[in-house]
Protein chains: 2
Amino acid sequence: MSIGHFMNDKNSHQISDPVNSPANKESTEAEFLKTYNIHEFDIPLTSVDMAIFTIEHDALKVLLVKRAQFPAKGQWALPGGFINLEDDNTLSDTASRKLKEKTGVDIAHLEQVSTFGGLNRDPRGWSVTIAYMALISCKNIVLKSNETSEDIVWVAIENVNKNYKLAFDHNTILTQCYQRLKSKVQYTSLPINLLPRAFTLSELQKTFELILGYPIEKKSFRRRVLGADIIAKTGEMRVGSNRPAKLYYANASGKEHLFQRNIEGPR
Amino acid sequence: MSIGHFMNDKNSHQISDPVNSPANKESTEAEFLKTYNIHEFDIPLTSVDMAIFTIEHDALKVLLVKRAQFPAKGQWALPGGFINLEDDNTLSDTASRKLKEKTGVDIAHLEQVSTFGGLNRDPRGWSVTIAYMALISCKNIVLKSNETSEDIVWVAIENVNKNYKLAFDHNTILTQCYQRLKSKVQYTSLPINLLPRAFTLSELQKTFELILGYPIEKKSFRRRVLGADIIAKTGEMRVGSNRPAKLYYANASGKEHLFQRNIEGPR
DNA sequence: TTATGTTAGTGTCTGTGAGGCACTATGTCA
DNA sequence: TGACATAGTGCCTCACAGACACTAACATAA
């Protein structure tokens, strides 16, 4: 951790001795770049992992895959993979590509949560993974296994720890994504993205309650949502064995509206 | 972006043909790891950059360095650098090492903000940078140039765009860090970390106002801060040319207390 | 046809903490 | 000793949260 140490050849990505270095002729950026070779340096392995959430059968679920390849072959993990340096222009390209590969979904709420890096999180060595969280409706979704995953399933969030031991530090990653989701329920309209296009207010409230972990007062919830100009009536009704309910859809601002105050919960 | 494409040798980090591959004997993870060589793969260059904020002379300032080496030699940028795979155990180790190198500070509020990655953000090719934000008191700080920076200065946030053209995508990074700070002022006690250990309530309010960009009502502010069990009296007073003010210090929870409601601003 | 149950949706109360503003308190300095 | 400046308080309104009893509209069973 000394200041001198960080200038060794393998880490500085710079010429440490401007006089004796064979590359001391580099006086322009173009020349510097000509002799620069990334493969000469010790850099971490960098990947993208994601927690894809949905609501199914009145439960918050996350997508898990069973790894078909080394390392951690046969273990359950969050879907993810490496950046394709040719096809991906940004990190979110990588994330949405992964999402599409597993679920076929290409429009969804996709949010970068946090980046994890360290020496011991992957047996291949120092590695970095950028964690994303996706919220999708599971309606009409077909999960796709491929070369990298021999199995793929929706798992209720409270069953993950009980029945699935996740590879690498994916439990930590999932926990942080879940935390982000839980904290955002309190002050945004984000969970709307977990539902299909048309939904009733009761369904929306149920979704909020599932994530929050406690019941919300119906009147407060409706006042809050209806007063925010984030949803509009489709004009249709959901008919069941009771009084039919108005159907709504989220308008543009509804995808992530910020409320001025938090949901406070029961007194 | 096709599914097939991502399995090419250089990006999958896996053996694409389990039959004909020279490594098809890999039946255990240990064997897989023995033949795994990170330098064979196309992976992005990965670094850490940071926006170090402080309050000086009634202004919010950020630390900028003038780059002494290629690429972007001679240009202003956020301090940052590469992960030292030997000495850094996690990403935040890298961040705190950088903070210490430049400012000598080793305890501060340090927070990961966002990760930026793409093909075009660095002339060396596909690169990823993990952006951190640090909040420190500039009291008794000595800025240190070194091999990588020929100059290092505090710049008032509103002067950055006016007088400094930042290298790479550092303007975007700085903007996001600043946004994060601005949004956190509304519902946390975070700005407390920008002040020295002892401060008056007026100084704290001034700090909040500088970041928010508008004045806060004195009574509201004091009620909010005093009601939250986040600060305590030192017992000393700040004497000036007026009525002396009580000095306070932040207790543990004061470093990042979450308020239930946002500061709302003038009506 | 009517009673009952269930879910949809409303009226209206209290409570909390925000903003506003006039007030008092306590120091320095001319 | 009085003007001033900044510290700190008392008390008002307002917005929006929670609570809860109420009404509305359907299916179904008696």
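Comparison of B:226, B:201 shows that the only residue that is open to solvent by less than 40 Å² (accessible area, probe 1.4 Å) and not assigned by TED's automatic domain parsing to the domain that holds residue B:79 is B:201. Residue check: residue B:109 meets all listed conditions (1) without any contact (Cβ under 8 Å) to a residue 40 or more places away in the chain; (2) under 13 Å from the mean Cα position of the chain (by Cα) but one, namely (1). Look at the stretch B:213-238: where a residue is without any contact (Cβ under 8 Å) to a residue 12 or more places away in the chain and over 14 Å from residue B:197 (Cβ atoms) and a partner is open to solvent by 60 Å² or more (accessible area, probe 1.4 Å) and in a strand (DSSP E or B), sitting 6+ places away or on another chain with Cβ atoms under 9 Å, you get B:237/B:246. Return yes or no: is residue A:216 of a type in the set (Val, Ile, Thr) and open to solvent by less than 10 Å² (accessible area, probe 1.4 Å)? So residue A:216 does not fit the description; no.
Among the residues of the stretch B:187-196, at least one is within 11 Å of DNA strand C (Cβ to nearest atom), touching a residue at least 60 places away in the same chain (Cβ under 8 Å) and closer than 26 Å to residue B:156 by Cα.
For the structure I just gave you, tell me whether residue B:209 is open to solvent by 30 Å² or more (accessible area, probe 1.4 Å), within 14 Å of DNA strand D (Cβ to nearest atom) and either closer than 23 Å to residue B:51 by Cα or touching a residue at least 60 places away in the same chain (Cβ under 8 Å) (or both). Spelling it out, residue B:209 is indeed open to solvent by 30 Å² or more (accessible area, probe 1.4 Å), within 14 Å of DNA strand D (Cβ to nearest atom) and either closer than 23 Å to residue B:51 by Cα or touching a residue at least 60 places away in the same chain (Cβ under 8 Å) (or both).
Taking the stretch B:234-263 as the range and being open to solvent by 90 Å² or more (accessible area, probe 1.4 Å) and near DNA strand D (Cβ under 9 Å from one of its atoms) as the test, the residues that pass are B:237, B:238, B:241, B:242, B:243, B:246, B:261. Taken as a whole, the stretch A:159-181 holds no residue that is within 22 Å of residue A:57 (Cβ to Cβ), within 16 Å of DNA strand D (Cβ to nearest atom) and either within 14 Å of chain B (Cβ to nearest Cβ) or within 17 Å of the chain's Cα centre (by Cα) (or both).
Looking across the stretch A:91-121, just one residue is within 21 Å of residue A:73 (Cα to Cα), touching a Phe, Trp or Tyr at 6+ places or on another chain (Cβ under 6 Å) and more than 7 Å from every other protein chain (Cβ to nearest Cβ), and that is A:121.
The values are calculated or read from the model by the stated rules, or taken from the named source; none is laboratory data. Please read all numbers here as calculations on a predicted model, not as lab measurements. Neighbour counts run over all protein chains shown; Cβ positions are idealised from the backbone, glycine included. All accessible areas refer to the heavy atoms of the entire protein, side chains included, with ligands and DNA or RNA removed. Shrake-Rupley method; radii C 1.70, N 1.55, O 1.52, S 1.80 Å.
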